[in-house]
Amino acid sequence: MTAEDFLNGQVLLIDKPLHFTSFQAVNKLKYALINKAGLPKKFKIGHAGTLDPLASGLLLVCTGKFTKRISELQGQAKEYTGTFYIGATTPSYDLETEIDQTFPTDHIDETLIHETVKQFLGEIDQKPPVFSAIKKDGVRLYEHARAGETVEIASRKTTIHEFEITRIALPEIDFRVVCSKGTYIRSLAFDFGKALNSGSHLTVLRRTKIGDYNVEDAINVNLFEQSLIQKM
């Protein structure tokens with residue numbers, strides 16, 4: 001693959017590791033393309049949908065003329081797998097913050113879990129987590145949260161196309177979800193625990209698909225530079 005190929009446009013399938021921000025992953029690719037493929041420093045590159053640092057999996061990165069496709073790719077359905085921890089909540093709805101409340105779980109069995117799943121299929125109202133990058137009054141929500149400020153967050157419509165429980169080993173529940181753009185799996189974890197008359201937070205999250213793109217076809221961001229050298 002030549003420098004011209006990247007400038008004309010490519011969709012790179014990247015498997016983002018844990019603890020990387022999406023911005024860091026794109027910067028690492030940009031650095032490799034400039035230094036190993038000879039691209040100009042100001043070439044266009046961007047990702048089609050943020051993944052939290054505590055999530056791994058598929059990140060679509062567009063280069064050159066294909067950056068015009070970012071909005072189209074962001075609008076495609078996404079598939080995630082992961083784990084809910086039942087019986088406790090955190091302010092961030094995941095492992096970014098410590099457990100703040102615990103709840104009973106003795107009443108929860110497989111039947112209740114599978115029945116509760118049905119409540120979340122189709123179009124639902126969902127409130128984004130307070131620890132999120134959405135802006136309120138020009139300030140990102142996580143900045144308000146870290147400052148200890150309480151802000152009112154409006155709910156928004158989202159669609160859960162598929163919601164499957166793949167393992168039950170309480171307090172852990174593994175799941176697979178196919179959802180629309182703008183769905184927060186952390187909020188789904190929180191709301192699911194509430195619907196069980198308990199609590200829940202997200203402990204594992206991996207994005208496995210975006211539209212027809214599959215993480216099985218992706219390359220780890222740390223191996224991209226090496227693969228680039230081999231192809232050039």
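The values are calculated or read from the model by the stated rules, or taken from the named source; none is laboratory data. These figures come from a predicted structure and were not determined experimentally. For neighbour counting, all protein chains shown are included, and Cβ atoms are generated from backbone atoms with ideal geometry for every residue, glycine included. For accessibility, only protein heavy atoms count, side chains too; no ligands or nucleic acids. Shrake-Rupley method; radii C 1.70, N 1.55, O 1.52, S 1.80 Å.
Let's see how each residue does on (1) polar (S, T, N, Q); (2) under 11 Å from Ile86 (Cα atoms); (3) assigned to a helix (DSSP H, G or I):
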{"site": "Thr166", "(1), (2), (3)": "yes, no, no"}
{"site": "Ser187", "(1), (2), (3)": "yes, no, yes"}
{"site": "Lys194", "(1), (2), (3)": "no, yes, yes"}
{"site": "Asn197", "(1), (2), (3)": "yes, yes, no"}
ask   = All but one of (1) outside any helix (DSSP H, G or I); (2) at pLDDT 90 or above; (3) open to solvent by 30 Å² or more (accessible area, probe 1.4 Å) hold for Glu149; which doesn't?
value = (2)
query = Cβ-Cβ below 7 Å, separation at least six or inter-chain, first residue in the range 166-192 and within 20 Å of Ile108 (Cβ to Cβ) and basic (Lys, Arg), second in a helix (DSSP H, G or I) and open to solvent by 40 Å² or more (accessible area, probe 1.4 Å): which pairs?
reply = none
